Structure formats: C-alpha cells, structure tokens
Amino acid sequence: MDKFVIHGGKPLNGTLKISGAKNASLPLMAAALLAPGVHRIHNVPDLRDVSTMAHLLRIIGARVELHEHTMTIDSRDCSFYEAPYELVKTMRASVYVLGPLLARFGRARVSLPGGCAWGPRPVDLHILGMQRLGAQINLQDGYIEARAKELVGARITFPVASVGATGNVMMAAAMAKGKTIIEKAAREPEIVALAEYINAMGGRITGLGTDQIEIEGVSELKPVEFENIPDRIEAGTFLCAVALTGGEVTLTNLKSAHIGAVFDSLERAGFNLTVSPEKVSIQAKGRALPVDLRTAPFPGFPTDMQAQWISLMSLAAGSSGITDTIYTDRFTHVAELQRLGADIRVEGNTALVRGVDHLKGAPVMSTDLRASASLILAGLAAQGRTDLSRVYHIDRGYERIEEKLRSLGADISREDEPIVT
Ligand code: UD1
C-alpha cells in the first residue's frame, strides 16, 4: 500500500493544467452502451475510478482502451447485463450502467452498492425513476433486478435533486417511447455534459442546466466523438492548496463557469483571483478570513469541496461554520485534521472550526477521496512531516496529484508503506 510523505510549509507557484472530470467521465462511459459502435471520448483522466468503470464495461462485453486521455469504447458486442457486487462495492457510480443496460437489453442486474463512509447513500431514486419508465424491479440477493419489455416516457418528480438518478433516468429515457420530464433534476455540469453527449449521439434532451429536463425518446443513437469537461473539484482543490500555503498559481484548461461558488468563497476569504473563462490565477498571502458556508446542489458550494474548505478554515484568522446539507455525515476528515492540531467540533451536520495559528505534521489516514484531499492540503500547510496512509482513496479521483503538486514546489512523495499485521 502507498502512502504520501509531506514536508509542509512550502509555498506553491507556477502553472498547472486541470484534468478531465472524473464525475463526468463515469456516466459518459456508461452512456456509450446506449449506441452500439465505436465511441471516442477525449480528456478522460487516468484514474482508478475510470479503470473500474472500464473493467465493468469490459465485463459487459465492450472493448475499452485509454490512450493519452482519449478513451475508445467499442460497445458493439455487449451481451452481459450485470454489474457484479465485487465492482459496485468499490465504486458506487457503477450503478450508472442500470439505465443504459435497461434501455439496450430490456434487462439489468446491478448490485446494490451498500454502505459508504459518508453515511447512508440510497439508490431509491434511481429505482423509482426506472419504475416510472415502466421497468419491473425486484430487489433480490443484494441486486437490483430490472426488466422492461419497453420503456415508456413519464413525468418523474424527484424529492431531492440527485446527480446519479438524473443521469440514470436520462440514459434510460433517451430511447424510451415518448417524452420524459424530470422535475427537480440535477443541474450539475456533469449532467449537462452527459445530456450533450446523448444529444450528440442523436438524442433529444432539452432543459440542460435547469431543474426541469425533457427527454424526447428516439429510436436509435449513433456512436460519436466527444470532449469531456474539466474537473471542477480538482481545480477547487488546487486553489485551496495555494490559499493554504501561499504563492501564485495559474490553473488552465478549466471552465470557470463551473467553479463560481468556490471562487466567490475564496474571494470572501480574502484571496485575490484573476478569472477568465478557461483559466484562473490565485495570489495568496497570509491567513484566510473565516467564511461560513453551506454546501448545496450546483450552482451552490459543492459537497465535494467541503473537506478541503474545512482544512483552509482550520488555519483561518477566526471561527467559521461549515454545514453539509447534501451528505450530513460526511466528516470523517475532522478527526484526522484534529491530529494535525486543528480545532474543529462537529454539531449535527455543521463543523465549527476555530482557526489555529499553525498545524503540526503527524501520521494521518485517508478515509475517502475528498477527505484525503483535505489531509494533503493540511499537510502541505503544516509544520514538519505528515505521513498520509491509504492513498488509494486519492488515486480514485485525482490524477498524479503528488506530481502535480511537486511541479508547483510542494515537498510530497509517494512511498511504499509496509503492511503491519
Ligand atoms: C454525485 C457525485 C459525488 C457528489 C454528489 C453530490 C459522482 C460519481 N459522484 O454522487 O461526488 O458528492 O453527486 O454532488 O458523480 N439520494 C437519495 N436517493 C437516491 C440518490 C440520492 O436519497 O437514490 C440523496 C443522497 O443521499 C444525497 C442527495 O440525494 O443526499 C444527492 O446525492 P446524489 O446527487 O445522487 O449523489 P451521487 O450521484 O451519488
């Protein structure tokens, strides 16, 4: 198992290219099942979650290759309609194949994902969506077993906006008979990218980026070439890193329109940003001002940036409250940040952070993807050495993060960690 060794206190300076979005790549890959043929998706990051989805598509029968960030998916010979537990338990986003498999084969057998470090993460809305489109669903032996002779468009009103359920229903409805309307749809850029991909294949989806999406079913979709969007969470994570360490960094190949809430929060925290549509520069000097915030669906502050923001606020000049309204138990990073000297108390779904003068390096452990990012950030700002174990969590969603940080001047290395039994 690998660990990161970080010697904190080095400012970050330079220019960095942002990778393609993980959370868009995964549904785009699943959507390639809708149109038998050879698809090419550009700007796909080389990450563990992407390899897991590629593995799943291969089990289903597709040929998948990733070469220099271009993914080729040949979905002609697919015939297996199952997502096995062994894969789904390692990556919940595997459930994205439910809609495409049902649309293509009229059948799908997808494992229920089970628990998660952030507390309960049900898939009831995915199931509800498929049922509304006419699928028969049985939950059996830990699997969602779905069947539909024909999918028929319907009006689906979600009680909460769900990224995954919106994406899954869009894919299932793309070739359903008639029109589907999703009310309280997710507005996230990753969902817009998925809809644009389906439209490029010949789909008819409107209302992109709004909370009401309309899908006019078509009889056939054709494979295409498509450009994935940049990763807004990777960009936000690097901005917080620079805010913590000080320095001047320019991030390129991003879409500023996707990152507005993080930009606003950093400006409120006293940092200087120069923003253009595909580039942002941050000049950071001194401590952050305390900024309270609540996570919210897009265009609000993303829950996937909550942990990194808590790291930044741990060294702020004052106290702040950070509330997660999406995942109310997503605070496993707090106990690890406390090991570095952070003063944080969690009350319900709010972290009350009292900024301290300095953090001090210590051994800490990754618990999930964004929690790991927050610990790297804290380690970069802490005095002395931080050893971060179980970095396989970070490899799920950040492409070569240690190399990217090193190119900006950070002292971070990957080492083999002996397993102690
Ligand atoms: C996606 C992202 C994840 C991000 C999250 C919220 C991917 C691969 N993952 O996850 O990184 O943190 O959006 O922006 O894109 N819910 C239900 N029932 C359901 C589905 C969701 O109650 O069937 C609830 C969830 O518990 C949560 C809220 O809806 O409170 C939003 O979750 P959702 O948007 O579905 O998250 P994911 O798509 O799983």
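The values are calculated or read from the model by the stated rules, or taken from the named source; none is laboratory data. Worth saying up front: this structure is predicted, and the values here are computed from it rather than measured. All Cβ positions, glycine included, derive from the backbone under ideal geometry; neighbour counts span all protein chains shown.
Please return the ranges of helices (runs of 4 or more DSSP H) entirely within region 300-397 where 2 or more residues are crowded, with 20+ Cβ neighbours inside 10 Å, at pLDDT 95 or above and more than 20 Å from the chain's Cα centre (by Cα). Before the answer, list the steps.
On the way: elements: 306-314, 332-339, 369-381, 392-395.
Fully inside region 300-397 and qualifying: 306-314, 332-339, 369-381.
Checking Thr245, Thr237, Thr295 one by one, the residue that is touching a Leu at 6+ places or on another chain (Cβ under 6 Å) and hydroxyl-bearing (Ser, Thr, Tyr) is Thr245 and no other. The condition (being closer than 19 Å to Gly300 by Cβ and buried (at least 19 other Cβ atoms within 10 Å of the Cβ)) is satisfied by just one residue among Ile156, Ile144, Ile191: Ile191. If you go through region 302-329 and keep only what is more than 10 Å from the ligand (Cβ to nearest atom) and under 16 Å from Asn23 (Cβ atoms), you end up with Ala307, Gln308.
With the structure loaded, tell me whether Pro113 is within 14 Å of the ligand (Cβ to nearest atom) and loosely packed, with under 15 Cβ neighbours inside 10 Å or whether it fails that test. Here the answer is no, as Pro113 does not meet what is asked.
Mind checking whether some residue in region 182-201 is touching a residue at least 12 places away in the same chain (Cβ under 8 Å), part of a strand (DSSP E or B) and touching a strand residue (DSSP E or B) at 6+ places or on another chain (Cβ under 7 Å)? The answer is yes; a qualifying residue exists.
Can you tell me which residues in region 129-179 are within 16 Å of the ligand (Cβ to nearest atom), assigned to a strand (DSSP E or B) and under 15 Å from Glu214 (Cβ atoms)? Ile156, Thr157 - these are the residues of region 129-179 that are within 16 Å of the ligand (Cβ to nearest atom), assigned to a strand (DSSP E or B) and under 15 Å from Glu214 (Cβ atoms). For Ser79, work out the one condition from (1) part of a loop (DSSP other than H, G, I, E, B); (2) at pLDDT 95 or above it doesn't fulfil. Result: Ser79 passes all but (2). For region 261-298, name all the residues that are in a helix (DSSP H, G or I) and over 20 Å from the mean Cα position of the chain (by Cα). Hits for region 261-298 are Asp264, Leu266, Glu267, Arg268. Gly8 meets the conditions (1) more than 15 Å from Gly397 (Cβ to Cβ); (2) of a type in the set (Gly, Ala, Ser); (3) within 14 Å of the ligand (Cβ to nearest atom) in every case but one. The failed one is (3).
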